[in-house]
Every structure is written in C-alpha cells, then in structure tokens.
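Participant: Could you have a look at this structure, given as structure tokens, before my questions?
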Amino acid sequence: MRVVKSISEIHTLSRDAHARGRSLALVPTMGGLHEGHISLIRQAKRQCDVVVVSIFVNPKQFDSPKDLTEYPRDLSRDLEILEPLRIDAVFAPSEKEMYPEGFSTTVVPGDVAKQFEGEFRPGHFTGVATAVLELFNIIRPDLAYFGQKDFQQSLVVRRLVEDLNLDVRLVICPTVRDKDGLAISSRNSRLNPEERKAATVLHRSLRHAEQLAHGGESLASKLVAAIREVFAGEPLARLEYAAVVEPHSLEPTERVTSGCVALVAARVGAVRLIDNLILGPAGASPETLLQLALTARHILDAGGLIPGFETESTRLRIAACRECAAIPTILLPPREFLSGYVTTYYPDRGAPRIAVIGRDAPLSPSNFLYNQPESVNRFVRGLFDLLGVKSFTEFKGRFVLTDALRCHSTSPHVAEKGLAYCSQHLRAELKLFPNLETLVVLGDDAYLQFQRHLLERASGGFKPLDDLLQPQGWAREEVRIPTLTERLLKVFYCYHPTLGYKRSPSIAPFLA
Ligand code: AMP
C-alpha cells in the first residue's frame with residue numbers, strides 16, 4: 001500500500017493503472033476510519049482492479065471552525081486500519097496540496113443542496129463538491145464509492161457527475177450501523193457514554209416511522225410526526241430536521257411510496273449527527289432499497305404504495321449487476337433486460353439472419369426503436385444508413401438488434417467486469433436465433449466484448465478497433481463462436497453510429 005501525499009504522484013499511479021487497462025476505484029474519506037468506510041473499501045475491492053482511498057479533512061466543507069478543529073485526525077491509526085485491506089494506495093494530501101495559495105474556484109451545487117444539510121450547514125455542499133471534483137480530476141477513478149449515510153451528499157455528487165459530464169460511475173453503499181442501530185460515524189467518538197446511548201434516538205425514530213409505513217401509513221406528515229414524538233422522549237437530543245422526501249429531488253413528499261427517504265439530523269450534546277432510512281417493502285435488503293431510491297423513478301411514478309411491487313426478477317437482476325459493477329451507477333433508471341423484448345418482438349426467432357450488436361442503444365428508451373418505430377432519432381438514422389434500410393418494417397424483417405451491455409451506463413468507458421458479465425447475456429441471447437449467419441458489431445465496447453468474451457481471444461490477440469477499421473471504416477472476418485454455433489458466422493465491425501465522431505460507410509452491399 002503506497003501512501004501518497006502529492007498530486008503528481010497519485011496522478012502517475014492513476015495514469016499507469018489506466019494504461020494497463022485496469023479499473024480504478026476511489027473511496028473518498030475524511031479519515032477517522034471505521035466499519036462504514038471499510039464497507040465501501042471492500043465493495044471497491046470486489047469491483048475494481050486498483051483501489052485508492054483518499055483521506056482529506058476538507059476545511060471547505062466545515063461551516064463551524066470548532067467542528068473542524070475537533071474533527072478526529074490520526075493518519076497513523078487510519079493507515080493501520082487500511083494495511084490489512086490490501087488497497088493499492090492512500091492519497092493523503094495536505095491542505096496546501098489541495099488548495100495552494102491563490103486557489104479561488106468553487107463548485108456551487110444547485111437545488112438538491114439547498115435544504116436539510118445545506119440549510120443547517122451553509123456552504124457545506126459547496127465545499128464537498130469542490131473537493132470531490134478536484135479529487136476526481138486528480139485521480140480519474142472509473143468508479144467512486146460513497147455511503148448512504150450521507151444520502152443528500154450522494155445526490156449532490158450525482159448531480160455534479162451528471163451536470164458536468166464527469167466520466168465516473170458512483171456506487172452508493174448501505175449504511176453500516178452499530179449493534180444498537182446507531183449509524184457509525186467518526187463523530188460518534190465525541191459522544192460521552194450517556195450521549196452515546198441517547199444517540200440511538202435517530203435510528204429508533206426512523207425505525208418507528210418505517211414500521212408505520214409497513215403497517216400501511218402512507219401520509220408523510222404522520223411519519224414525520226411519529227419521528228418527532230420519539231425525539232420528544234429523548235432529552236439529550238435536539239432534533240434539527242425530520243422529513244420524508246422524494247429520493248431524486250429531496251422535495252418533501254405528501255404520500256410515501258417505495259424509495260422515499262426519511263431523513264433526520266439532530267444534536268446530541270454538542271455532536272451533530274445525521275441518519276436516514278429508505279422506505280420500501282418490508283424485508284427488502286439494504287441494497288435493494290438503495291436501488292429503489294436511486295434508480296426507480298418509474299416505480300415511483302406508477303404511484304405504487306408500500307408494500308410490494310418488487311419482483312424476484314428485479315431483485316436478482318440488481319444482485320447480479322451489483323456484482324459486476326455495471327449497475328451500481330446511480331445515474332440512470334433501471335430498464336428491462338433484452339430477454340423481455342426478444343420474446344415480445346420476435347415471436348419467430350427462426351427468421352432473422354443478421355444480428356446487430358449495439359452498445360446500449362436498445363436499452364435507452366429514446367433509442368429503443370422497437371418501442372417507437374416512427375421516431376427516427378440519431379441512432380436509428382445512423383443505423384439504417386449503415387445497414388441500407390429504409391424503414392423499421394424492413395429492419396425488423398431482416399435484422400435483430402441486440403446489445404453488448406445491459407447495464408445502465410452512459411459512460412463512454414465501460415468497466416471490464418461489466419463487459420465480461422454482460423457477455424453471458426449476449427451469448428444466451430444470440431443462441432435464441434438459430435439461423436443467424438451474420439453479425440454486425442457496433443463500436444468499441446461491443447467489439448472489445450465480442451473479441452475477448454465471445455471469441456475468447458486474449459488482449460494481445462486482436463487489434464484495437466480503430467486500427468482494424470482503417471482505412472475503409474469497417475472490417476470483416478469469419479468466426480466460429482465457441483459454445484454458440486458450429487457454423488462459421490460472418491462478422492462486420494463498424495463504428496457505432498452515435499458514439500464517437502467517426503462513421504462507417506454503408507455496409508449494405510455486403511449484407512444483401
Ligand atoms: P467521511 O469520512 O465521513 O467523509 O465519510 C466518507 C465516506 O464514507 C462517505 O461517502 C460516507 O457517506 C461514508 N460513510 C460514513 N459513515 C458510513 C457508514 N456508517 N456506513 C456507510 N458509509 C459511511
């Protein structure tokens with residue numbers, strides 16, 4: 001484990017990792033490490049090749065100088081905790097390194113940062129966003145890990161990533177709690193034994209609200225009143241806010257639906273603590289609840305009340321994709337897997353002879369031409385030009401459109417584990433079409449996945465797509481796909497019609 005203090009050194013480490021094609025995780029912390037941080041680090045280790053933990057007590061996010069001075073700092077203790085976790089590097093910059101003299105830029109997040117923590121700690125999220133953006137730029141992680149415990153913070157960072165088009169995926173991990181339910185926090189060490197006992201009121205009040213919701217109470221005001229009541233019985237705690245909010249906007253909600261979040265903040269003695277619970281079906285795992293809150297907009301829109309919208313297949317899908325790091329992005333709502341559309345749209349699976357393997361176009365509602373055949377968007381136009389097709393009817397008669405990726409990424413760079421995992425689905429799906437003769441592979445990710453995981457070629461065993469497609473903008477080969485078919489299949493490799501700036505000329509004459 002390297003302990004790195006300078007930006008240039010960590011920058012080099014990151015560049016080397018990327019050059020070797022390794023995925024890089026960042027777990028940003030302020031030190032005072034505990035089980036909560038460790039759970040993020042473990043998740044990062046499971047999902048990425050290289051893990052960097054940053055330790056930086058960011059002065060810009062403290063609204064009170066006293067809070068900043070009293071924040072626990074003990075780097076050597078933190079390093080001892082990290083040592084057995086076998087991470088690759090700790091980035092522990094000084095304040096001067098992060099904010100040298102003359103530093104004068106701040107990132108001011110919008111609406112989602114205004115209420116709750118934003119209101120009680122003015123400037124807090126500006127400090128968070130500024131430091132997080134700087135860390136992302138220095139370390140260039142593929143994935144970055146945050147805790148549900150700071151739910152509002154994860155939304156602020158999500159907006160930062162979406163609004164500024166940052167090329168990083170966020171993974172939000174469930175809150176780790178002590179046995180009595182108190183969310184673990186570096187600040188807990190400042191509680192005296194009496195206060196420590198009293199501090200469980202945050203979790204107790206949230207649990208009480210949750211029980212009411214599971215019992216059928218769907219009025220948010222009733223849940224908030226119940227939280228207040230529990231606090232009223234705890235003289236050492238002073239409630240700052242309690243709310244039940246819509247998980248995307250953090251707007252207080254009137255009716256509670258699955259995925260809504262109950263938030264509390266309180267002072268116990270001199271220590272300020274926050275906590276939250278995601279309301280969802282009774283018995284749902286913390287991971288499922290997180291997915292609900294962070295990605296299930298369509299479920300909320302449907303107005304489904306607690307309990308019980310969740311199907312086994314949703315649960316399995318979430319579990320499987322968390323494993324490969326393809327889904328835990330919180331950037332996009334979940335969408336149906338292609339298996340659903342295959343049976344819906346291709347009752348005669350013997351007919352198609354050509355499969356087009358896109359990236360995630362069919363999964364994107366705006367690109368999903370099967371759903372909206374009249375809307376000829378950029379992807380559809382590009383695809384039809386490439387294949388020499390005039391209409392959707394013609395397309396459907398000759399081709400099946402499938403997908404290299406079933407994750408929810410819009411990122412131009414997809415983690416290797418995601419590609420590997422999704423290849424299982426692709427292989428299974430291609431098997432459903434017994435008379436395929438030709439495959440058209442679109443773009444970098446699909447190409448990489450196809451070479452590595454369907455043709456099972458080693459990294460050095462094929463050229464980068466760009467080189468392969470020189471000079472005519474497309475390439476062709478005949479292949480046998482292990483475990484798929486004994487027959488030789490023709491494969492055309494092309495640029496993706498919408499990703500990237502290069503276009504392949506029409507390959508229509510070769511598909512006739
Ligand atoms: P901090 O060091 O407090 O800035 O926290 C660093 C990261 O750890 C943040 O993303 C927090 O949300 C996360 N974190 C803090 N406490 C917990 C916890 N009890 N469970 C899970 N994540 C946590």
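The values are calculated or read from the model by the stated rules, or taken from the named source; none is laboratory data. Computed from a predicted structure; not experimentally measured. Note that we place each Cβ from the backbone using ideal geometry, even for glycine, and neighbour counts take in every protein chain shown. Each accessible area value is taken on the protein alone, full model and side chains, heavy atoms only, with ligands, DNA and RNA left out. Shrake-Rupley method; radii C 1.70, N 1.55, O 1.52, S 1.80 Å.
Participant: Solvent-accessible area per residue for the chain at a 1.4 Å probe radius, Å²?
Facilitator: Value for the chain: 43 Å² per residue.
Participant: Okay, next question. If the chain between residue 194 and residue 485 were fully stretched, how many nm would it gain, using 0.36 nm times the residue separation less the Cα-Cα distance? Could the numbers behind the result be given before it?
Facilitator: Values: separation 291, 0.36 × 291 = 104.76 nm, distance 6.88 nm.
Taking 0.36 nm per residue and subtracting the Cα distance, the gain is 97.9 nm.
Participant: Solvent-accessible area of residue 246, probe 1.4 Å, all protein chains present, reported in Å² to the nearest ten, please.
Facilitator: Surface accessible to solvent at residue 246 totals approximately 50 Å².
Participant: Where the centre of each part is set by its Cα atoms, how far does region 240-262 sit from region 462-501, in angstrom?
Facilitator: Here the answer is 48 Å between Cα centres.
Participant: Which length gain, in nm to one decimal place, applies between residue 80 and residue 374 when the Cα-Cα distance is subtracted from 0.36 nm times their residue separation?
Facilitator: Details: separation 294, 0.36 × 294 = 105.84 nm, distance 6.08 nm.
Length gained between residue 80 and residue 374: 99.8 nm.
Participant: Measure off 7 Å from each Cα along the Cα-to-Cβ vector at residue 12 and residue 211, then give the distance between these two points in nanometres to one decimal.
Facilitator: With each label point 7 Å from Cα toward Cβ, the separation is 5.9 nm.
Participant: Got a sec? Charge dipole of the chain, +1 on Cβ for Lys and Arg, -1 for Asp and Glu; which of 271, 458, 145 is way out at the positive end?
Facilitator: Farthest along the dipole direction, towards plus: 458.
Participant: Could you please put 194, 429, 101, 477 in sequence from largest to smallest accessible area, using a 1.4 Å probe?
Facilitator: 101, 194, 477, 429
Participant: Just to be sure I understand: if I project the alpha-carbon convex hull of the chain onto a plane and average over all orientations, what area do I get in nm²? Don't skip to the end; give the middle numbers.
Facilitator: Details: hull surface 101.8 nm².
Over all viewing directions, the chain projects a mean Cα-hull area of 25.5 nm².
Participant: Related question: Could you work out how far apart the two model spin labels at residue 502 and residue 178 are, taking each label as a point 7 Å from the Cα in the direction of the beta carbon, and quote it in nm?
Facilitator: That separation, rounded to one decimal, is 5.8 nm.
Participant: Under 18 Å Cα to Cα from residue 490, which aspartates and glutamates show up? Leave out anything in the same chain fewer than 8 places away.
Facilitator: Once the sequence-local aspartates and glutamates are set aside, what remains near residue 490 is 403, 429, 437, 456, 477, 478.
Participant: Continuing with the same structure: How about region 24-104: which trypsin sites (Lys or Arg not before Pro) there lie in a loop by DSSP and see at most 16 other Cβ atoms within 10 Å?
Facilitator: Of the trypsin sites (Lys or Arg not before Pro), the ones in loops of region 24-104 whose Cβ has at most 16 other Cβ atoms within 10 Å are 73, 86.
Participant: Shifting gears a bit: Given 0.36 nm per residue, what is the gain on full extension from residue 463 to residue 435 after removing their alpha carbon distance, in nm?
Facilitator: On the way: separation 28, 0.36 × 28 = 10.08 nm, distance 2.86 nm.
Stretched out fully, the residue 463 to residue 435 stretch lengthens by 7.2 nm.
Participant: With a sphere of radius 11 Å drawn around the Cβ of residue 510, what net charge do the other residues whose Cβ falls strictly inside it have (Lys, Arg +1; Asp, Glu -1)?
Facilitator: +2
Participant: Also, quick follow-up: Order the following by accessible area, largest value first: 431, 396. Probe radius 1.4 Å; ligands, DNA and RNA are ignored.
Facilitator: Reading off the accessible areas and sorting them downward yields 431, 396.
Participant: Another question about this same structure. How much accessible area does residue 35 have with a 1.4 Å probe, in Å² rounded to the nearest 10?
Facilitator: Its heavy atoms expose roughly 100 Å² to the probe.
Participant: What does the charge count around residue 134 come to, taking other residues whose C-beta lies under 11 Å from its C-beta (Lys +1, Arg +1, Asp -1, Glu -1)?
Facilitator: 0
Participant: Still on this structure: Return one number: the angle in degrees, 0 to 90 and rounded to the nearest 10, between the long axis of the Cα atoms of helix 220-232 and the longest principal axis of the Cα atoms of the chain.
Facilitator: Helix 220-232 and the main axis of the chain meet at about 30 degrees.
Participant: For region 13-133, what Kirkwood radius comes out of the mean inverse Cα-Cα distance, in Å?
Facilitator: 15.9 Å
Participant: Round to the nearest 10 and report in Å² the accessible area of residue 88, as given by a 1.4 Å probe over the protein chains' heavy atoms.
Facilitator: Its accessible surface works out to 60 Å², give or take rounding.
Participant: Could you work out how far helix 312-324 tilts from the main Cα principal axis of the chain, as a 0 to 90 degree angle to the nearest 10?
Facilitator: 90 degrees
Participant: Another one. Using the structure shown, select from 390/502; 45/197; 45/179 the pairs with a Cα to Cα distance greater than 30 angstrom. It would help to have the intermediate numbers written out before the result.
Facilitator: On the way: 390/502 22 Å; 45/197 34 Å; 45/179 25 Å.
Where the Cα-Cα span goes over 30 Å, the pairs concerned are 45/197.
Participant: Say R0 is 35 Å: what FRET efficiency, to the nearest 0.05, do residue 345 and residue 164 get from their beta-carbon distance? It would help to have the intermediate numbers written out before the result.
Facilitator: Numbers: r = 37 Å, r/R0 = 1.05.
Efficiency at R0 = 35 Å is approximately 0.40.
Participant: Applying 1/(1 + (r/R0)^6) with R0 = 30 Å to the Cβ-Cβ distance of residue 97 and residue 249, what FRET efficiency is obtained, to the nearest 0.05?
Facilitator: 0.25
Participant: Moving on to the next point. How would 9, 456 rank on accessible area, largest to smallest, probe 1.4 Å?
Facilitator: 456, 9
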